[in-house]
Amino acid sequence: MDENDDTCGFCGDGGELLCCDNCPSTYHQTCLSDQELPEGSWYCHNCTCRSCGNPLSEKEVSTFSAILKCLQCGDSYHDTCIDQEMLPCGDKQSNIWFCGRYCKEIFIGLHNHVGIENFLDNELSWSILKCNTDGRKLHSSKKIAHMTECNTKLAVALTILEECFVRMVDPRTGVDMIPHVLYNKGSNFARLDYQGFYTVILEKGDEILCVASIRVHGTKAAELPFVATSVDYRRQGMCRRLMDTIEMMLRSFHVETLVLSAIPELVNTWVSGFGFKPIEDNEKKQLRNVNLMLFPGTSLLTKRLDGITAAKSEEDKDAYNVSGLPNGKCLPSRKGNGHLELHDLDLLEAELNTEDATNASFRALKHECGPATWFNHAKLAVGEV
């Protein structure tokens, strides 16, 4: 009958837990570190405004204020706490809103990249997969075929992950974590809400060689809880090829840190072979407001991605940035968030798929130069989306 969670949202362990007064989330008081706890009601980071720190509970929020949640990073705000130019146009109840330019670029870049095959050398290719769970109806046979192909590849990817990992079932809810991550299932428990996950695969022909699950929390961090290689292709560098591609993509989105959990036996491999390091206390504090997928008994490792990207000139800062969008399209560098209405996703997708001379030349460039040049080609002035 207890609706609260029985697992700490920070470390993944049970024990004596502090309950949020607005959502089912629970935490160890020691995991909250130096956070000062009030004597009355207490609200977790998911239920407080990122700007003012006050509760986002409907009971606490004034009838003259609305709650806005970024669709990409998950940060929430009172509409009275953000700049007027960032306010959504039209209906405030729309659930399509971004807290800034980069979150919008990340969302659109990933959303419109799903199912697109990107060729590497040695007959290898990589692509992003995501299950269609947003409830939008598909009105064309092309989109239906596209979704069917994605779901078929997701089923194969699930098989590879289940070959490499023991079954992980949450004791509180009975949720089988791996398929829920792969099919980006939601949950009322923040720690089990996997809606933001994408699956990245490495293929050779029609065969999937390596699989990784990834979720991008705005520019703050991206997490990679699962990566697995098919049995027949292990120890052939396939995991490294996929990791290099993922890191390159994240850098193009200005993501600062990549985070993963490693079992003790593999910590040295990730540190010495892939450039990760054990998380430091100051990094833990910076990621305290990010809902990471954590596993008891594992070590949290991080890898800095910022600082590797070459510094841009002042002129480039105002230029159009591709940021990994397919077909060479890009977003204008504005401070405002450019709110999207619900129906705009289809309109935006149609706009991004428009066939024109610029797109044709960009596709030729992508095929000829590969993803490294493609992601870093940051000055294609193709007009506003």
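The values are calculated or read from the model by the stated rules, or taken from the named source; none is laboratory data. Because the structure is a prediction, the values reported are computed rather than measured. Methodologically, a virtual Cβ is constructed for each residue, glycine included, from the backbone with ideal geometry; neighbour enumeration extends over all protein chains shown. Heads up: the accessible areas ignore ligands, DNA and RNA and are worked out on the full protein's heavy atoms, side chains in. Shrake-Rupley method; radii C 1.70, N 1.55, O 1.52, S 1.80 Å.
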- Cα-projected label distance for LYS143 with ASN188, points at 7 Å along beta-carbon direction, nm: 3.1 nm
- Here the gain from full extension of ASP83 to GLU3, 0.36 nm per residue of separation minus their alpha-carbon distance, amounts to 25.2 nm
- Applying the gyration tensor rule to the Cα atoms of the range 213-303 (axes a ≥ b ≥ c; rounded if a/c under 1.5, else prolate if a/b exceeds b/c, else oblate), the class is oblate
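Using the Cβ atoms and a cut-off under 10 Å, what net charge is assigned to the surroundings of ASN289, where Lys and Arg are +1 and Asp and Glu are -1? Walk me through the numbers on the way to the answer.
On the way: positive: ARG50, LYS220, LYS285, ARG288; negative: ASP75.
After counting each charged neighbour, the total is +3.
Could you tell me the relative contact order of the range 187-258? Use alpha-carbon pairs under 8 Å, at least six residues apart, and round to a whole percent.
Numbers: 93 pairs, mean separation 19.3, N = 72.
In percent, rounded to a whole number, it is 27.
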- Query: Taking the highest mean first, how do the peptides 280-287, 3-10 order by number of other beta carbon atoms within 10 angstrom per residue?
  - Reply: 3-10, 280-287
- In Å², what does the accessible area per residue of the range 102-304 work out to with a 1.4 Å probe? 45 Å²
- So, with points 7 Å from each Cα along the Cβ direction, the THR269-GLN29 label distance in nm works out to 4.1 nm
- Starting from the Cα-Cα distance between GLU39 and PHE295, subtract it from 0.36 nm times their residue separation and give me the gain in nm to one decimal. 89.1 nm
